[in-house]
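Note sheet for the following structure.
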Amino acid sequence: MAANLDLPGEDDPRRQELREWFATHPNATPTQLRDRGLVVPHWPEPWGLDAEPVHQLIIEEEMKRAEAKKPINPIGTGHCGPVLVVHGSQEQQDRYLPLMLTGEEMWCQLFSEPDAGSDLANLSTRAVRDGDEYIINGQKTWTSLADVAKFGILIARTDIDVSKHTGISYFIIDMATPGIEVRPIFNMSGGGLFNEVFFDEVRVPADNLIGEQHNGWGMAKLTLANERVSLSQGGLRWGHGPTVRDLVDAVRARGGIKRGPQKERLLSAYIDGEILRYHRLALVAAKLNKKPGPDASLRKALADPHGKVVYELAVDLMGPAGTLAGGYEDGSWAEWSDGFLFSPALTVGGGTSEVLRNIIAERLLGLPHDLDVEQGLTWKEAQQIQHKG
């Protein structure tokens, strides 16, 4: 028997209720969307609607139909917020979540370091307790939106005499704190999305610690899993931007494609996009449960190469105009040419394809884990051995 993969139809009461609400809020503000629970509907009340997967997808369809735009705060709602919802204190939730959801306070994620990217637990940024504060020193890199963020989440080492996974703590950082320096890293698309961030004797209130001291690694893993879910949702550009369906519509608007290799490539990309769209249902369920697992790595490992394929195809379909940053002379298709320049980053950010494949092999396929040469060593001991080598 064939599975029914269609969402409930026009007569579904959840659709009717949303359409009535949008009819009375034709230009819904970010605050109204937040208060209605539509920004992150899978979050628990009062921040969301506790929406189950199908309900969440219905909400997305109806918001698109009403041309309602969610506030833009991708790292806030996609990476940071889920941890605050589960592990943050009531005071932290009340202070940070409302303005995160309206996009009034942007967030960044201060995780990767020059010597701790693929092996994030090897991070060396230190946080030392000093009375009612922590003093932070170190460096982070590839930090998206650090140049515009009001706050960030940061993991730092608070104990060097235990294993690398057990001496890490998780903090909220005010990016305007003295001692923080942000340096943009410009990419070939001309943008400065990524940044280096330096911490020099940065004092952070102890109240900004999330959860218990030294127990931040579990929250960091939750953040990474949520990141991989959010980066592979919907749009080709890390969950945002166009989809392969949008490319098909754009091609039709310009008269379509005659039979040939390009049409076959577009058909193949469309099929892959539909498979990923249906697979997304399982990821929405994982996000609903607040505990996305290794399936998040599988999703991202599939979605990112798909994004590269679609962007490359779009540029090829443009012909000579594909060599121009703005696309066609009328400015159309600019998002495709810009996305093509950005696409090499897709399989690196949020977990490289190699890291994702290791997770898939070990946690989904049950293959043997890599040999941990640092097993039984404290972080300090492992660093001493590395520096001698």
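Throughout, read-outs are computed from the coordinates displayed, never taken from laboratory work. Computed from a predicted model, the values in this text were never measured in an experiment. Please note: Cβ atoms are built from the backbone with ideal geometry, for glycine as well, and neighbour counts cover all protein chains shown.
For the chain, the antiparallel share of DSSP beta bridges with both residues in that region comes to about 85%.
Considering only the other residues whose Cβ falls under 14 Å of the Cβ of THR158, what net charge follows from Lys and Arg at +1 and Asp and Glu at -1? Don't skip to the answer; put the middle values down first.
Working: positive: ARG126, ARG129, ARG157, LYS164, LYS380; negative: ASP130, GLU133, ASP159, ASP161, GLU212.
That sum, taken over residues with Cβ under 14 Å, equals 0.
First select every other residue whose beta carbon is under 11 angstrom from the beta carbon of THR141; then total the charges, Lys and Arg +1, Asp and Glu -1. Around THR141, the charge tally is -1. Label-to-label distance, LYS263 versus ASP119, with points set 7 angstrom from Cα along the beta-carbon direction: 5.3 nm. Given the pairs LYS70/LYS150; LYS150/LYS380; LYS140/LYS300; LYS69/LYS150, which span a C-alpha to C-alpha distance of over 29 angstrom in this model? Where the Cα-Cα span goes over 29 Å, the pairs concerned are LYS150/LYS380.
Test of understanding: what is the full-extension gain from ASP130 to HIS279, defined as 0.36 nm times their sequence separation minus their Cα-Cα distance? Intermediate results must be reported in sequence, preceding the final value.
Details: separation 149, 0.36 × 149 = 53.64 nm, distance 4.77 nm.
Difference between extended and current length: 48.9 nm.
What does the charge add up to near THR125, with Lys and Arg as +1, Asp and Glu as -1, over the other residues with Cβ less than 10 Å from its Cβ? Each step should come with its number before you reach the end.
Numbers: positive: ARG126, LYS140, ARG157; negative: GLU113.
After counting each charged neighbour, the total is +2.
Our note on the geometry: Cα centres of the range 9-37 and the range 150-200, 38 Å apart. Comparing ASP11, ASP50, ASP304 in a Gaussian network model of the chain (Cα springs below 10 Å), the most mobile by mean-square fluctuation is ASP11. Between ILE271 and GLU329, full extension at 0.36 nm per residue minus the direct alpha carbon distance yields a gain of 17.8 nm. In this rough spin-label picture, where each label sits 7 Å from Cα along the Cβ direction, the GLU20-ASP372 distance is 5.5 nm.
Residue-wise HN-Hα couplings along the range 132-141, as the Karplus relation 6.51 cos²θ - 1.76 cosθ + 1.60 with θ = phi - 60° gives them from phi, are 8, 9, 10, 9, 10, 9, x, 9, 10, 9 Hz; Gly and Pro carry x. Estimated from helices alone, the mean residue ellipticity of the chain at 222 nm is -12500 deg cm²/dmol (sum of -39500 (n - 2.57) over DSSP H runs with n ≥ 4, per residue).
Exposed loop sites, defined as GluC sites (Glu not before Pro) outside DSSP H, G, I, E and B with at most 11 other Cβ atoms within 10 Å, are absent from the longest region of the chain, namely 68-211. Taking the number of Cβ atoms within 10 Å of each Cβ as an exposure proxy, the fewest-first ranking of LYS164, LYS388 is LYS388, LYS164. In this structure, the amide hydrogen of LYS150, modeled 1.01 Å from its nitrogen in the peptide plane, lies closer than 5 angstrom to those of MET106, TRP107, counting only residues at least 5 positions away or on a different chain.
Kindly identify the range 107-212 as rounded, prolate or oblate by the Cα gyration tensor criterion: order the square roots of the eigenvalues as a ≥ b ≥ c, call it rounded if a/c is under 1.5, otherwise compare a/b with b/c, prolate if a/b is larger, else oblate.
On the way: a/c = 2.20, a/b = 1.41, b/c = 1.56.
Here the range 107-212 falls in the oblate category.
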